[in-house]
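Trainee: Have a look at this one.
The values are calculated or read from the model by the stated rules, or taken from the named source; none is laboratory data. Being a predicted model, the structure only gives us computed values, none of them experimental. Counting neighbours? That spans all protein chains shown, and the Cβs are built from the backbone with ideal geometry, glycine included.
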Amino acid sequence: MEKMRNKITNALSDFLFEYETPRQVLVRNRRVGVVCRLIQLGVLGYIIGWVFIYEKGYQSTDTAISTTLTKMKGVGYTNVDGMEKIWDVADYVFPPQGDASFVVMTNYIITEGQSLGKCPELPGKHNCTKNADCEGGSYKRTGHGTMTGVCNDTTKTCEVQAWCPVENDHHIPDPPLLLSAENFTLFIKNSVTFPLFGITRSNLVEGIDSKYISKCLYHPETAPLCPIFSLGDIVRISGFNFETIAKVGGAIGIVVDWLCNFDLDVRHCKPEYSFHGLYRNPDETDKFRASVGYNFRYARHYIENGVQKRTLFKAFGIRIEVITHSLARKFDIIPTLTAIGSGVGIFGVATVVCDLVLLYLLPKREFYKNMKFKYTETQNQVWSSSRPGLAPSLVQTILHYYTGY
């Protein structure tokens with residue numbers, strides 16, 4: 001028992017109080033040394049240049065919770081067939097609540113005095129020569145109502161039960177009726193909150209006060225922080241011609257970009273604006289492509305002589321999408337240590353590559369193998385070489401005990 005206790009004590013003592021360190025072999029070889037240093041310099045450049053400087057691996061990141069309010073201003077004037085009309089924001093902005101996504105009407109087709117009844121379809125739609133060509137009670141996807149089963153002798157089209165007279169949208173006004181929308185202005189109020197850092201910012205940054213807003217107009221070089229934008233400038237910076245897009249409509253994205261480094265003063269966290277065409281490509285020249293532009297319909301209902309009527313508008317407009325993109329950074333010890341630790345681990349690549357060169361490529365590879373690796377013989381070989389007469393007799397004794405031979 002005493003001997004067993006001593007063995008256990010010695011084993012615990014060796015485990016607790018001994019330190020093992022790897023054995024190193026210094027190889028004096030210029031080629032291998034140069035390869036090793038080049039690899040280490042490459043790894044060091046990657047860690048410092050890419051991980052720390054470009055990717056900023058020493059900082060933690062956060063994205064913002066954002067909210068956006070918009071407001072249009074401007075008055076338009078039209079004179080169609082002697083009918084003069086003044087258009088303000090209540091007429092040409094949809095929806096009127098000031099959301100981050102809205103439409104500014106730039107062109108329209110009006111169908112006035114519609115009432116529920118029976119009338120023929122437009123020429124070119126539901127053509128017919130006899131009543132049998134118009135299946136009563138059915139309707140077609142491109143039609144305006146339900147067919148009554150009657151073929152109109154004058155238009156040679158099927159009669160439908162619908163809002164009459166049916167809308168004729170074959171001819172889009174050119175030039176656009178609300179071409180004055182080019183001078184309308186858009187006010188954007190955008191706020192972002194970075195919950196990880198507890199910081200809230202607004203695009204009305206320091207120096208953007210009521211006096212400045214009343215006079216400024218956004219320009220990418222002279223007034224990059226002004227939150228007032230001309231609709232014409234928005235379209236042109238997006239790469240479109242205003243008259244072209246105003247005729248049939250389109251969509252434009254306004255990106256409010258927040259890229260903030262909170263290791264610096266919070267005043268340096270300011271928005272940048274960019275503009276992108278979302279529907280249609282300004283470089284396209286194909287006049288026969290399908291579903292060009294952006295349009296929608298709405299109606300204004302009224303009662304006239306006890307009969308319900310409506311005025312139908314097919315509105316063409318520019319859809320504005322205000323999009324917030326955000327990314328904030330700030331120094332954090334945890335990602336810093338993680339980046340350093342991963343970089344130190346990558347340094348081991350140099351050792352692996354140089355070992356492969358030493359052991360498999362150089363002419364003296366056998367010499368380097370003998371220097372790097374220390375070989376030991378098996379226990380039986382060591383026992384027989386040190387006491388040649390003892391080991392065989394011991395083997396014979398064991399075999400005789402178990403087998404009887």
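Trainee: Could you please let me know if Pro175 is in the same structural domain as Ile254 (by TED's automatic domain parsing), surrounded by fewer than 16 Cβ atoms within 10 Å (Cβ to Cβ), closer than 30 Å to Ile228 by Cα and in contact (Cβ under 8 Å) with a residue 60 or more places away in the chain?
Mentor: Judged against the criteria, Pro175 is a match.
Trainee: Would you confirm whether or not the stretch 191-203 contains a residue that is touching a residue at least 24 places away in the same chain (Cβ under 8 Å), more than 30 Å from Gly117 (Cβ to Cβ), out of contact with any strand residue (DSSP E or B) (no Cβ under 7 Å at 6 or more places or on another chain) and not in a loop (DSSP other than H, G, I, E, B)? Steps first, answer last, please.
Mentor: Within the stretch 191-203, the subset touching a residue at least 24 places away in the same chain (Cβ under 8 Å) is 191-197, 199, 201, 203.
Among the residues that remain, those that are also more than 30 Å from Gly117 (Cβ to Cβ) are: 191-197, 199, 201, 203.
After this cut, where a residue has to be out of contact with any strand residue (DSSP E or B) (no Cβ under 7 Å at 6 or more places or on another chain) as well, the list is 199.
Subsequent filtering for residues that are not in a loop (DSSP other than H, G, I, E, B) retains 199.
Scanning the stretch 191-203, I find at least one residue that is touching a residue at least 24 places away in the same chain (Cβ under 8 Å), more than 30 Å from Gly117 (Cβ to Cβ), out of contact with any strand residue (DSSP E or B) (no Cβ under 7 Å at 6 or more places or on another chain) and not in a loop (DSSP other than H, G, I, E, B), so the answer is yes.
Trainee: With respect to Thr67, determine if the residue is in contact with a helix residue (DSSP H, G or I) (Cβ under 9 Å, 6 or more places away or on another chain), among the β-branched types (Val, Ile, Thr) and at pLDDT 90 or above.
Mentor: Spelling it out, it is not the case that Thr67 is in contact with a helix residue (DSSP H, G or I) (Cβ under 9 Å, 6 or more places away or on another chain), among the β-branched types (Val, Ile, Thr) and at pLDDT 90 or above.
Trainee: Ok, one more. Check the stretch 87-96 and report whether any residue there is assigned to a strand (DSSP E or B), touching a strand residue (DSSP E or B) at 6+ places or on another chain (Cβ under 7 Å), without any contact (Cβ under 8 Å) to a residue 24 or more places away in the chain and within 23 Å of Lys247 (Cβ to Cβ).
Mentor: As a first pass, look at the stretch 87-96 and keep what is assigned to a strand (DSSP E or B): 87, 93-94.
Now restrict to residues that are touching a strand residue (DSSP E or B) at 6+ places or on another chain (Cβ under 7 Å): 87, 93-94.
Now restrict to residues that are without any contact (Cβ under 8 Å) to a residue 24 or more places away in the chain: 93.
Among the residues that remain, those that are also within 23 Å of Lys247 (Cβ to Cβ) are: 93.
Yes - at least one qualifying residue is present in the stretch 87-96.
Trainee: Go through Glu167, Glu206, Glu159, Glu182 for me and flag whichever is in a strand (DSSP E or B), acidic (Asp, Glu) and touching a residue at least 24 places away in the same chain (Cβ under 8 Å).
Mentor: Just a single option satisfies the conditions, and that option is Glu159.
Trainee: Could you figure out which of (1) farther than 16 Å from Lys73 by Cβ; (2) assigned by TED's automatic domain parsing to the domain that holds Ile318; (3) among the charged types (D, E, K, R) isn't true of Glu206?
Mentor: (2) is the only condition that Glu206 fails.
Each row is one residue, and each column tells you yes or no for (1) β-branched (Val, Ile, Thr); (2) touching a Phe, Trp or Tyr at 6+ places or on another chain (Cβ under 9 Å); (3) in contact (Cβ under 8 Å) with a residue 60 or more places away in the chain.
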position	(1), (2), (3)
Ile213	yes, yes, no
Leu217	no, yes, no
Pro227	no, yes, no
Asp233	no, yes, no
Ser238	no, yes, no
Asn241	no, no, no
Asp257	no, yes, yes
Val266	yes, no, yes
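Trainee: Taking the options Val382, Val353, name whichever one is modelled with pLDDT under 90, among the β-branched types (Val, Ile, Thr) and more than 43 Å from the chain's Cα centre (by Cα).
Mentor: Details: Val353 fails: more than 43 Å from the chain's Cα centre (by Cα).
Exactly one residue qualifies, and that residue is Val382.
Trainee: Scan the stretch 204-223 residue by residue and report those that are under 19 Å from Ser274 (Cβ atoms), in contact with a strand residue (DSSP E or B) (Cβ under 7 Å, 6 or more places away or on another chain) and surrounded by fewer than 16 Cβ atoms within 10 Å (Cβ to Cβ).
Mentor: Listed by number, the residues that qualify are Cys216, Leu217.
Trainee: Here is a list of conditions, (1) at pLDDT 80 or above; (2) more than 30 Å from Asp174 (Cβ to Cβ), and Ile318 meets all of them except one; can you say which number that is?
Mentor: Here Ile318 meets the rest and fails (2).
Trainee: Tell me which residues, restricted to the stretch 174-228, are of a type in the set (Ser, Thr, Tyr) and touching a Gly at 6+ places or on another chain (Cβ under 9 Å). Break it down stepwise before answering.
Mentor: To start, the set of residues in the stretch 174-228 that are of a type in the set (Ser, Thr, Tyr) comprises 180, 185, 191, 193, 200, 202, 210, 212, 214, 218, 222.
Once the filter is applied, which keeps residues that are of a type in the set (Ser, Thr, Tyr) and touching a Gly at 6+ places or on another chain (Cβ under 9 Å), the stretch 174-228 yields Ser180, Thr185.
So that you can scan it fast, the table gives a plain yes or no per residue for (1) among the hydroxyl-bearing types (Ser, Thr, Tyr); (2) surrounded by fewer than 16 Cβ atoms within 10 Å (Cβ to Cβ); (3) at pLDDT 95 or above; (4) under 30 Å from Leu231 (Cα atoms):
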site: Gly45; (1), (2), (3), (4): no, yes, no, no
site: Ile53; (1), (2), (3), (4): no, yes, no, no
site: Thr63; (1), (2), (3), (4): yes, yes, no, yes
site: Glu84; (1), (2), (3), (4): no, yes, no, yes
site: Thr111; (1), (2), (3), (4): yes, no, no, yes
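Trainee: Next question, about the same structure. May I ask you to list the residues in the stretch 216-240 that are over 21 Å from Arg267 (Cα atoms), modelled with pLDDT of 90 or more and in a loop (DSSP other than H, G, I, E, B)?
Mentor: Scanning the stretch 216-240 gives Leu217, Ser238.
Trainee: Out of the residues in the stretch 9-40 that are among the β-branched types (Val, Ile, Thr) and loosely packed, with under 10 Cβ neighbours inside 10 Å, which is nearest to Leu359 (Cα to Cα)?
Mentor: It comes out as Val25.
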